[in-house]
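Below: one structure, written as structure tokens.
The values are calculated or read from the model by the stated rules, or taken from the named source; none is laboratory data. Owing to the predicted nature of the structure, the values given are computational and were not obtained by experimental measurement. Cβ sites come from the backbone with ideal geometry, for glycine too, and all protein chains shown count toward neighbours. Protein only, heavy atoms only, side chains kept; ligands, DNA and RNA dropped before computing areas. Shrake-Rupley method; radii C 1.70, N 1.55, O 1.52, S 1.80 Å.
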2 protein chains.
Amino acid sequence: MRNIKLVLAYDGTNYHGFQKQNNTRLKTIQGTLEDALRVLTKEEVKVIGSGRTDAGVHAQGQVVNFLSHTTIPPERFPLALNSVLPSDIVVWEAEDVPQEFHARFDAVKKTYRYTIYNDRHLSPFWRYFAYHVPVPLDIERMSVAAREFQGTHDFRGFCAKDTAVKDFVRTIYTCQVEKEGPLVTITVTGDGFLYNMVRIMTGTLIEVGLGKRRPEEIPGLLAAKERKLAGATVPPQGLCLWSVEYKNGN
Amino acid sequence: MRNIKLVLAYDGTNYHGFQKQNNTRLKTIQGTLEDALRVLTKEEVKVIGSGRTDAGVHAQGQVVNFLSHTTIPPERFPLALNSVLPSDIVVWEAEDVPQEFHARFDAVKKTYRYTIYNDRHLSPFWRYFAYHVPVPLDIERMSVAAREFQGTHDFRGFCAKDTAVKDFVRTIYTCQVEKEGPLVTITVTGDGFLYNMVRIMTGTLIEVGLGKRRPEEIPGLLAAKERKLAGATVPPQGLCLWSVEYKNGN
């Protein structure tokens, strides 16, 4: 049995998130991948993702793995799979990995990017890929606040209420705010993320950028561990799972 | 009677071009704008565009004008109109202009940008906004060739066969090739453009960038005035009407 790892990008606009929803016909990334793999390998394949993405959230570097008896060589996999997949999911790389590799359990670092379209005018081109903030954001203030998220903290205050998770401690390696033309991006790398964590961190940073909060408030919000004290959860379409890293640089 | 000028952006993916097609129900930018203006002004309004864009072609700075008795002040127009328009058309500016202003006849300069996604991998995010070229392009060669288009030339060799136009002479003020990450853009400013002209110029520049043609061939292609000697017409989704300029800086 082979264990095959894929790196893929998808436009999540028309999907009900990554994870297959049992007993429904809702279109998901996992379900669509499994359908395409069934066509290609003539097997029932179960796809394991590095993590879920919500409805409307995108990915540049999602990683999945699956077990298969297929004899298709890895270098031919992307082209073969892309010919079966719809055009909003694109497989970039495929490789054979050791039996024990697990896309979710073995992930050691993940990077998400949130994109804000910060211009007086809406742009029709960014409506599915960014959140529109019409009032100018103070990037310097946001950068100062973003640095306060770096380090190991209990992120209970930056997690959606409906979660089964027990351990809220996560380490954020970097949290950077950048501006290029009307686009403001918040790029966060950490060892893991709680449900809605990046979207709540971004909502809070936007409030800092609008002058509604001070950068110095962040440590207090982390210490308080109260969801209602942090900023709003910004909408999904600005979020993109940027990359996933594994041990041994896989 | 007021004469109102609008500047708008649109994602042309789901439209059969700018121009209304009589006796059909095909969705067009002009038809959709006229429908929205009818709702807003309770009048039958005829929209005049600076020029047509083909099916799948986008605009950042399309300019239109229309005559109306509406009493809505110009500063309130964008918001009012955007609330009626679908999200893939966004009005950025509105202003009252002199009676004699005509969006098409008075345009003195137009800029188009063609976007190429130049990476081994396809990107799901650029599938409606760029043309995918998987082989690396030589930007320096393309830039040298692009400069050969600058000046006043007979562009008959760079015009689709099916055209009613008699005068093929156009002046190109600038033609620039730029690269940023996987995106290669060709930005062309001229006093006017023939049918498919930018898409044929781009197709020719891509062949130069792939080493299939030499930059020095461009003057000969212009002089030959034979469509079949120039490069392929690249697909519409990479093209965007970037801006339109008028006399008196309007």
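A few remarks follow.
- B:MET1 contributes about 120 Å² of solvent-accessible surface, heavy atoms of the protein only, 1.4 Å probe.
- Above-threshold pairs, the threshold being 23 Å between Cα atoms, out of B:LYS110/B:LYS247; A:LYS20/A:LYS225; B:LYS109/B:LYS166; A:LYS179/B:LYS179; A:LYS110/A:LYS212; A:LYS42/A:LYS109: A:LYS20/A:LYS225; A:LYS110/A:LYS212; A:LYS42/A:LYS109
- Fluctuation leader among A:HIS69, A:HIS16, A:HIS153 - chain A, Gaussian network, Cα springs under 10 angstrom: A:HIS69
- Calculated log₁₀ intensity ratio I(q)/I(0) where the Debye formula runs over C-alpha points of the range A:108-246, q = 0.11 Å⁻¹: -0.36
- Inter-copy label distances for A:LEU67: 7.6 nm (label point placed 7 Å from Cα along Cα→Cβ; shortest first).
- At most 10 other Cβ within 10 Å, DSSP loop - GluC sites (Glu not before Pro), the range A:1-62: A:GLU44
- Point-to-point label distance, A:ARG2-B:ARG147, nm (Cα→Cβ direction, 7 Å offset): 5.0 nm
- Positive contributions from Lys and Arg (+1) and negative ones from Asp and Glu (-1), summed over other residues with Cβ under 11 Å from the Cβ of B:PRO74, come out at -1.
- Exam field: B:LEU210 pseudo-label spacings to other copies (7 Å along Cα-Cβ), nanometres: 4.9
- Calculated FRET value between B:LYS109 and A:GLU93, using beta carbons and R₀ = 45 Å, to 0.05: 0.50
- Label-point separation, B:GLU226 to A:ILE139 (7 Å along Cα→Cβ), nm: 5.1 nm
- Solvent-accessible surface, computed for protein heavy atoms with a probe of 1.4 Å, shrinks by 40 Å² or more for the following residues of the range B:125-143 when the other protein chains are added to the isolated chain: B:PHE125, B:ARG127, B:PHE129.
- Using a Förster distance of 35 Å, the FRET efficiency for A:ARG120-A:ASN14 (Cβ separation, nearest 0.05): 0.75
- Counting Lys and Arg as +1 and Asp and Glu as -1 over every other residue whose Cβ lies under 9 Å from the Cβ of B:VAL45, the net charge comes to -1.
- Taken per residue, the accessible surface of the range B:108-246 reaches 44 Å², heavy atoms only and a 1.4 Å probe.
- Over the residues of chain A, the helix contribution to mean residue ellipticity at 222 nm works out to -6000 deg cm²/dmol, using -39500 (n - 2.57) for each DSSP H run of at least 4.
- Using alpha carbons only: equivalent-ellipsoid semi-axes of the range A:3-83, gyration tensor based, whole Å: 21, 14, 11
- Solvent-accessible surface of protein heavy atoms, probed at 1.4 angstrom with all chains present, puts B:ASP35, A:ASP162, B:ASP106, B:ASP88 in the order A:ASP162, B:ASP35, B:ASP106, B:ASP88, largest first.
- Gaussian network model of chain B, springs between alpha carbon atoms under 10 Å - residue of B:GLY151, B:GLY12, B:GLY190 with greatest fluctuation: B:GLY151
- Among the GluC sites (Glu not before Pro) in the range A:57-145, those placed in a DSSP loop whose Cβ has at most 11 other Cβ atoms within 10 Å are A:GLU100.
- Between the range A:106-157 and the range B:51-73, the alpha-carbon centres lie 33 Å apart.
- Temperature 37 °C, viscosity 0.692 mPa s: under these conditions the Stokes-Einstein estimate for the protein assembly as shown, based on its Kirkwood radius over C-alpha pairs, is 129 µm² per second.
- Calculated FRET value between A:GLU178 and B:ARG214, using beta carbons and R₀ = 41 Å, to 0.05: 0.55
- Rounded to the nearest 100, the interface formed by chains B and A buries 1700 square angstrom of accessible surface, both chains summed, with a 1.4 Å probe.
- The alpha carbons of chain B give a radius of gyration and a Dmax of 19.0, 58 Å, in that order.
- Residues in the range A:53-100 occluded by at least 30 Å² - accessible area, probe radius 1.4 Å, against chain by itself: A:SER87, A:VAL90, A:TRP92
- In this view, the solvent-accessible surface of A:TRP92, computed with a 1.4 Å probe and all protein chains in place, comes to about 40 Å².
- Take A:ARG120, push a point 7 Å out from Cα through the beta-carbon direction, and compare it with the same point in every other copy: 4.5 nm, smallest first.
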